[in-house]
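Remarks on the structure that follows.
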Amino acid sequence: MEITELSERDRAVLDIAGRTFTGPGPRERVIRERLGLSPTAYFQLLNALLDDPRAVSYAPGTVNRLRRERERLRDER
């Protein structure tokens, strides 16, 4: 089985996730303008990418930070 690279859209999702925004408005605007996705669709795609080994290879700091945050939120439930 050949391991394919992440798509351009997947890389863009991870790039946006790695950026710092001053609030939800600017992030939502970038998501809509750059990806053409709703914020809900963006976060669903991002969540799926967190389980993709290719995403860790592309953006290890971002993916590992978001995995820790996801686990912390799950543990609080």
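Below is a table of values for the structure above.
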quantity	calculated
Residue in the range 38-54 that is β-branched (V, I, T), touching a helix residue (DSSP H, G or I) at 6+ places or on another chain (Cβ under 9 Å) and at pLDDT 95 or above present	no
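This table checks each residue for (1) under 13 Å from the mean Cα position of the chain (by Cα); (2) of a type outside the set (G, A, S).
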{"site": "T4", "(1), (2)": "no, yes"}
{"site": "T22", "(1), (2)": "no, yes"}
{"site": "E33", "(1), (2)": "no, yes"}
{"site": "S38", "(1), (2)": "no, no"}
{"site": "Q44", "(1), (2)": "yes, yes"}
{"site": "V56", "(1), (2)": "yes, yes"}
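The values are calculated or read from the model by the stated rules, or taken from the named source; none is laboratory data. The model shown is predicted, which means the values in this text are computed figures rather than measured ones. Note: ideal-geometry Cβ built from the backbone for every residue, glycine included; neighbour counts use all protein chains shown.
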